[in-house]
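Novice: Have a look at this one.
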Amino acid sequence: MSAPERTIAVDSAAVLAITGNVIARYSGSTPVSATVRVLRDVPLRVVARYDVALTDGTTALVVGKWYAKDRGAVVMSELEYLAGIGLAVAPLLGYWPAVRLLLTAWVPGPMLTHLLAERADTAIAVARAAGRWAARLHSSDMPTPRSCGPAKQRASLAQWRDTSAEVADLTDRVARALVGYEDPVRPVHYDHHHEQVVESHGRAVVLDLDEAGRGDPAFDVAHFLAHLELLGLQHHSDPAAYNDAATQYRAGYAEMAAWPGDDGVLAAFAWCKLAYRLIHRNAPGRDIDYALAAGGRALSGA
């Protein structure tokens, strides 16, 4: 299996040799040097922020995603399409297929996560705007070759089931429920949650299309709402703490399109995904138990 170009990704001179002309056109000034901050390093990609010092004395902030596979070419076309229809995404600067590097501008501003934690006045408006963004994505014709339907979901469940006996029980039940499930084959973000939404210059910008593809919009909204519920538990020991944000998210979505439905099976899948991630992050047992129980409740109500 190929790997991201990790050595190049952390070599500021090498990065500027590749991207310098593009950064100069974007910023209007020639790059001099850069500092590197690795934001994420996982087997299939490295994400780094580059603070680029320019000849005019200013600094350009950009983000490089270095992929193990050619996923960046797909993300590039998705970003171009969504920006073209007026959806707020990270500004695309370029893609270099030889090193599988996707470069975007850094999006400044607080995540919805932080706005909610601080009870900021803007949190509810940003949650509503995130709903509008999702509705427009789901109603679009975004080009993407990636399938995010039931077959992919059952494959993910098969991988997660070995995490623990409790996870295995829920994943097996959800996998059985997904057999023969209809796939609307609509554009989906597929990792839609509060950490992917940034309030920047008065707009709600949605980040990270690495998992985007075609599937069921009902999963995206279930995933977003499940994350809000868990965040309420984590911040306030109350899963209902952010119900107002959830209500506004729904309202924002309804401004642009019909709500895709509260699908219990897809909500259970979203909770399975959350439980798996919580376990691998060594999260508190309370959070893991809640995710598994919430998944069970969603499935029972389906």
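The values are calculated or read from the model by the stated rules, or taken from the named source; none is laboratory data. Every value quoted in this text rests on a predicted model; they were computed, and no experiment measured them. No Cβ is skipped: glycine too gets one built from the backbone with ideal geometry, and neighbour counts run over all protein chains shown. Please note that ligands, DNA and RNA were not included when accessible areas were found on the heavy atoms of the full protein model with its side chains. Shrake-Rupley method; radii C 1.70, N 1.55, O 1.52, S 1.80 Å.
Condition check ((1) in contact with a helix residue (DSSP H, G or I) (Cβ under 6 Å, 6 or more places away or on another chain); (2) small (Gly, Ala, Ser)) across all residues:
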| site | (1), (2) |
| --- | --- |
| 197 | yes, no |
| 202 | no, yes |
| 208 | yes, no |
| 217 | yes, no |
| 222 | yes, yes |
| 225 | yes, no |
| 237 | no, yes |
| 247 | no, no |
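Novice: Let me ask something else about it. Please count how many residues of the stretch 6-39 are open to solvent by less than 60 Å² (accessible area, probe 1.4 Å) and aromatic (Phe, Trp, Tyr).
Specialist: Final tally of qualifying residues: 0.
Novice: Can you tell me which residue within the stretch 45-71, out of those that are modelled with pLDDT under 95 and either part of a loop (DSSP other than H, G, I, E, B) or within 18 Å of residue 105 (Cβ to Cβ) (or both), is least open to solvent (accessible area, probe 1.4 Å)?
Specialist: My answer is 70.
Novice: May I pose another question? I'm trying to understand the selection: among the residues of the stretch 252-302, which are open to solvent by 40 Å² or more (accessible area, probe 1.4 Å), in a helix (DSSP H, G or I), of a type outside the set (A, V, I, L, M, F, W, C) and over 19 Å from residue 237 (Cβ atoms)?
Specialist: Across the stretch 252-302, the qualifying residues are 255, 276, 277, 280, 300.
Novice: If I filter the stretch 95-104 down to residues being in a strand (DSSP E or B) and in contact with a strand residue (DSSP E or B) (Cβ under 6 Å, 6 or more places away or on another chain), which single residue comes out as surrounded by the fewest Cβ atoms within 10 Å (Cβ to Cβ)?
Specialist: Going through the qualifying residues, I end up with 104.
Novice: Within the stretch 111-120, track down each residue that is within 13 Å of residue 200 (Cα to Cα) and within 15 Å of the chain's Cα centre (by Cα).
Specialist: Passing the criteria: 111, 112.
Novice: Here are some conditions: (1) farther than 25 Å from residue 293 by Cβ; (2) out of contact with any Leu (no Cβ under 9 Å at 6 or more places or on another chain). Residue 189 meets all but one. Which one does it not meet?
Specialist: Every condition holds for residue 189 apart from (2).
Novice: Select from the stretch 105-124 the residues that are in a helix (DSSP H, G or I), open to solvent by 30 Å² or more (accessible area, probe 1.4 Å) and out of contact with any strand residue (DSSP E or B) (no Cβ under 8 Å at 6 or more places or on another chain) and list them in ascending order.
Specialist: If the condition is that a residue be in a helix (DSSP H, G or I), open to solvent by 30 Å² or more (accessible area, probe 1.4 Å) and out of contact with any strand residue (DSSP E or B) (no Cβ under 8 Å at 6 or more places or on another chain), then 114, 117, 124 are the ones that fit.
Novice: What residue, of 206, 185, is among the β-branched types (Val, Ile, Thr), under 16 Å from the mean Cα position of the chain (by Cα) and under 25 Å from residue 143 (Cα atoms)?
Specialist: The unique qualifying residue is 206.
Novice: Of the residues 208, 162, 220, which single one is open to solvent by 10 Å² or more (accessible area, probe 1.4 Å), under 25 Å from residue 77 (Cβ atoms) and either of a type in the set (Asp, Glu) or in a helix (DSSP H, G or I) (or both)?
Specialist: The conditions single out 208.
Novice: Still on this structure: Looking at the stretch 223-270, which of its residues are among the aromatic types (Phe, Trp, Tyr) and in contact (Cβ under 8 Å) with a residue 60 or more places away in the chain?
Specialist: Taking the stretch 223-270 first, the residues among the aromatic types (Phe, Trp, Tyr) are 224, 242, 249, 253, 259, 269.
Hits for the stretch 223-270 are 224, 242, 249, 253, 269.
Novice: Then there's this: In the stretch 165-183, which residues are of a type in the set (Gly, Ala, Ser) and surrounded by fewer than 19 Cβ atoms within 10 Å (Cβ to Cβ)?
Specialist: Matches in the stretch 165-183: 165, 168, 177, 180.
Novice: Being of a type in the set (Asp, Glu) and touching a strand residue (DSSP E or B) at 6+ places or on another chain (Cβ under 7 Å) is true for just one of 56, 51. Which residue is that?
Specialist: Every option except 51 fails the conditions.
Novice: Does the stretch 125-145 contain any residue that is more than 17 Å from the chain's Cα centre (by Cα), within 29 Å of residue 282 (Cβ to Cβ) and among the hydrophobic types (A, V, I, L, M, F, W, C)?
Specialist: No, because not a single residue in the stretch 125-145 is more than 17 Å from the chain's Cα centre (by Cα), within 29 Å of residue 282 (Cβ to Cβ) and among the hydrophobic types (A, V, I, L, M, F, W, C).
Novice: So which residues in the stretch 81-94 are in contact with a strand residue (DSSP E or B) (Cβ under 8 Å, 6 or more places away or on another chain) and either of a type in the set (A, V, I, L, M, F, W, C) or buried (at least 21 other Cβ atoms within 10 Å of the Cβ) (or both)?
Specialist: The answer is 83, 87, 88, 89, 90, 92, 93.
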